[in-house]
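K.L.:
My questions will all concern the structure given below.
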Amino acid sequence: MKISVLGDGGWGTALAILLKNKGFDVSLWGAFKEDVEAIKKNRENKKFLPGFKIPKTIQLTDDMRVACGDSNLIVLAIPSRFLRDVITKNNKILGELQAGFVSVAKGIEGKTLKRMSEVVREALGGREIAVLSGPSIAPEVARGIPTAVVVASEDEIFARKVSDIFRAEHFRVYTNKDIIGVELGGALKNVIAIASGISDGLGFGANTKAAILTRGLAEMTRLGLAMGANRDTLQGLSGLGDMITTCISPEGRNHRFGEEIGKGNKPELLLNKSVMEIEGAWTSCSAVELGKRYNIELPITQQVRAVLFENKSPLLAVNELMTREPKAE
């Protein structure tokens, strides 16, 4: 079996290594030739996943046709903001393939408010599509630290097939039919991680973080249920589990981003200089719009967006959250 991983960020690189170690024929595609050449030269992704050697048998390329030729499975590890552009520009190449698709991106498209699987179907037509998500910090997966994730698809047979492909001794893969819940959990938890990071940057403690995680989960669940997700999914690996990891790991980029804001750094400057995509920043905007569409209250998410894009003081945001009208839990 040949598997093509599209997206040479940290997560795409970690998955390419995982799949190669399982014995698959793996190619890793990157959008920028200079980045791909640097990885080829060093056999290490110093920009996104430093410290891990990439097997010489992984094909590295910036040519989509080379990457995807004769592939049986396409792993989409492209940030959510750019996914539609990439697959639309390469529609002819991808459309010719007799391959299934697995999205591992965690975000919601800004203009359309669509989930990544919806973007893929809209751009490529009826395809086998699954999503893989859960608490899976890329460096930990690359180190072989025990990790559990979930793969969801409306096609149960395809979900089991993908689970078998990715499952390894240190990488446990559950299956789920609830593709909506798995995608929403993976996207929305990044917003809560930014809020958690801001709290840490402001010097608050465990009480505050527990409140953010608990009420953040409530927000995720309210919106998810309104959109057709299953409550159990949002309280499982791809919801609560992923949120916990992203909020407590020092390697979680969304949490680190929030922490810098809490320490007084400007969100716009941080976003401009970050080499890694801060998915939660853009998801905060999409989530607020979804909240309006479904008439769902999302106070933490709304305050995160205001801090990031409306120049609101983090301390003022906290004060407004704490002084909201009292209500039952």
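K.L.:
Pro50 fails exactly one of the following numbered conditions: (1) surrounded by fewer than 19 Cβ atoms within 10 Å (Cβ to Cβ); (2) touching a helix residue (DSSP H, G or I) at 6+ places or on another chain (Cβ under 7 Å). What is the number of that condition?
P.N.:
(2)
K.L.:
Let me ask something else. Consider Arg43 carefully, then state whether it is of a type in the set (Lys, Arg), at pLDDT 95 or above and surrounded by 13 or more Cβ atoms within 10 Å (Cβ to Cβ). Steps first, answer last, please.
P.N.:
Numbers: of a type in the set (Lys, Arg): yes; at pLDDT 95 or above: yes; surrounded by 13 or more Cβ atoms within 10 Å (Cβ to Cβ): yes.
Here the answer is yes, as Arg43 does meet what is asked.
K.L.:
Restricting to the range 272-319, and then to whatever is closer than 26 Å to Phe48 by Cα and among the hydroxyl-bearing types (Ser, Thr, Tyr), can you tell me which residue is farthest from the chain's Cα centre (by Cα)?
P.N.:
Looking at residues that are closer than 26 Å to Phe48 by Cα and among the hydroxyl-bearing types (Ser, Thr, Tyr), I get Ser274.
K.L.:
Still on this model: Within the bounds of the range 281-295, is there any residue that is of a type in the set (D, E, K, R) and either outside any helix (DSSP H, G or I) or under 20 Å from Thr208 (Cα atoms) (or both)? Give the derivation first.
P.N.:
Just the residues of the range 281-295 that are of a type in the set (D, E, K, R), to begin with: 289, 292-293.
Right, trim to either outside any helix (DSSP H, G or I) or under 20 Å from Thr208 (Cα atoms) (or both) and you get none.
No, the range 281-295 contains no residue that is of a type in the set (D, E, K, R) and either outside any helix (DSSP H, G or I) or under 20 Å from Thr208 (Cα atoms) (or both).
K.L.:
Give the residues of the range 242-253 that are in contact (Cβ under 8 Å) with a residue 40 or more places away in the chain and either within 13 Å of the chain's Cα centre (by Cα) or assigned to a loop (DSSP other than H, G, I, E, B) (or both), sorted by residue number.
P.N.:
Passing the criteria: Asp242, Met243, Thr245, Thr246, Ser249, Glu251, Gly252.
K.L.:
Moving to a separate point now. Can you name every residue in the range 15-26 that is over 15 Å from Leu132 (Cα atoms) and surrounded by 22 or more Cβ atoms within 10 Å (Cβ to Cβ)?
P.N.:
Initially, the range 15-26 is screened for residues over 15 Å from Leu132 (Cα atoms), giving 17, 20-26.
Passing the criteria: Ile17, Val26.
K.L.:
Now for a different question. Just give me the residues in the range 129-156 being surrounded by fewer than 18 Cβ atoms within 10 Å (Cβ to Cβ) and either among the small types (Gly, Ala, Ser) or assigned to a loop (DSSP other than H, G, I, E, B) (or both), in sequence order.
P.N.:
Those that are surrounded by fewer than 18 Cβ atoms within 10 Å (Cβ to Cβ) and either among the small types (Gly, Ala, Ser) or assigned to a loop (DSSP other than H, G, I, E, B) (or both): Gly144, Ile145, Pro146, Ala148, Glu154, Asp155.
K.L.:
Of all residues in the range 81-118, count the ones that are within 25 Å of Ala193 (Cα to Cα), surrounded by fewer than 24 Cβ atoms within 10 Å (Cβ to Cβ) and of a type in the set (Ser, Thr, Tyr).
P.N.:
1
K.L.:
Additional query: Which of the residues spanning the range 60-74 are closer than 18 Å to Phe32 by Cα and touching a helix residue (DSSP H, G or I) at 6+ places or on another chain (Cβ under 7 Å)? Walk me through how you get there before you give the answer.
P.N.:
Pass one, the range 60-74, residues closer than 18 Å to Phe32 by Cα: 60-68.
The answer is Leu60, Thr61, Asp62, Met64, Arg65, Cys68.
K.L.:
Here is a list: Gly203, Gly216, Gly224. Which entry is assigned to a loop (DSSP other than H, G, I, E, B) and either within 21 Å of Leu290 (Cβ to Cβ) or at pLDDT 95 or above (or both)?
P.N.:
Values: Gly216 fails: assigned to a loop (DSSP other than H, G, I, E, B); Gly224 fails: assigned to a loop (DSSP other than H, G, I, E, B).
Going through Gly203, Gly216, Gly224 in turn, just one is assigned to a loop (DSSP other than H, G, I, E, B) and either within 21 Å of Leu290 (Cβ to Cβ) or at pLDDT 95 or above (or both): Gly203.
K.L.:
Quick check: anything in the range 75-96 polar (S, T, N, Q) and out of contact with any helix residue (DSSP H, G or I) (no Cβ under 7 Å at 6 or more places or on another chain)?
P.N.:
Initial filter on the range 75-96 (polar (S, T, N, Q)): 80, 88, 90-91.
Filter once more, keeping what is out of contact with any helix residue (DSSP H, G or I) (no Cβ under 7 Å at 6 or more places or on another chain): none.
No, the range 75-96 contains no residue that is polar (S, T, N, Q) and out of contact with any helix residue (DSSP H, G or I) (no Cβ under 7 Å at 6 or more places or on another chain).
K.L.:
Still on this structure, I have one more. Considering only residues of the range 273-302 that are surrounded by fewer than 17 Cβ atoms within 10 Å (Cβ to Cβ) and hydroxyl-bearing (Ser, Thr, Tyr), which is nearest to Asn190 (Cα to Cα)?
P.N.:
Going through the qualifying residues, I end up with Ser274.
K.L.:
Tell me, which residue of the range 224-272 that is touching a His at 6+ places or on another chain (Cβ under 9 Å) and surrounded by fewer than 23 Cβ atoms within 10 Å (Cβ to Cβ) is farthest from Ile296 (Cα to Cα)? I'd like the intermediate steps shown before the answer.
P.N.:
In the first step, residues of the range 224-272 are kept if they are touching a His at 6+ places or on another chain (Cβ under 9 Å); the result is 246-249.
Narrowing the set further to residues that are surrounded by fewer than 23 Cβ atoms within 10 Å (Cβ to Cβ) leaves 248-249.
Numbers: Ile248: 27, Ser249: 29 Å.
Taking the candidates together, the pick is Ser249.
K.L.:
Considering the range 303-329 alone, what residues qualify as being under 25 Å from Leu269 (Cβ atoms) and either basic (Lys, Arg) or surrounded by fewer than 19 Cβ atoms within 10 Å (Cβ to Cβ) (or both)?
P.N.:
Initial filter on the range 303-329 (under 25 Å from Leu269 (Cβ atoms)): 303-321.
The answer is Arg305, Ala306, Phe309, Glu310, Asn311, Lys312, Ser313, Leu315, Leu316, Asn319, Glu320, Leu321.
K.L.:
Determine which single condition Gly144 fails, assuming it passes every other condition in (1) on the phi < 0 side of the Ramachandran plot; (2) more than 12 Å from the chain's Cα centre (by Cα); (3) modelled with pLDDT of 95 or more.
P.N.:
The failed condition is (1).
K.L.:
Filter the range 161-180 for residues that are in contact with a strand residue (DSSP E or B) (Cβ under 6 Å, 6 or more places away or on another chain) and in a helix (DSSP H, G or I); which is nearest to Lys20 (Cα to Cα)?
P.N.:
Residue satisfying both the conditions and the ranking: Phe166.
K.L.:
Hey, does the range 29-48 have a residue that's in contact with a Leu (Cβ under 6 Å, 6 or more places away or on another chain) and polar (S, T, N, Q)? Show your work before the answer.
P.N.:
Restricting attention to the range 29-48, the residues satisfying the condition of being in contact with a Leu (Cβ under 6 Å, 6 or more places away or on another chain) are 29, 36, 39-40.
Still in the running and polar (S, T, N, Q): none.
The answer is no; no qualifying residue exists.
K.L.:
Any residue that is surrounded by fewer than 17 Cβ atoms within 10 Å (Cβ to Cβ) and charged (D, E, K, R) - is there at least one of those in the range 4-14?
P.N.:
Going through the range 4-14, the residues surrounded by fewer than 17 Cβ atoms within 10 Å (Cβ to Cβ) turn out to be none.
The answer is no, given that none of the residues of the range 4-14 is surrounded by fewer than 17 Cβ atoms within 10 Å (Cβ to Cβ) and charged (D, E, K, R).
The values are calculated or read from the model by the stated rules, or taken from the named source; none is laboratory data. All figures in this text were calculated on a predicted structure; none of them were measured in a lab. Positions of Cβ are backbone-derived with ideal geometry, glycine not excepted, and every protein chain shown enters the neighbour counts.
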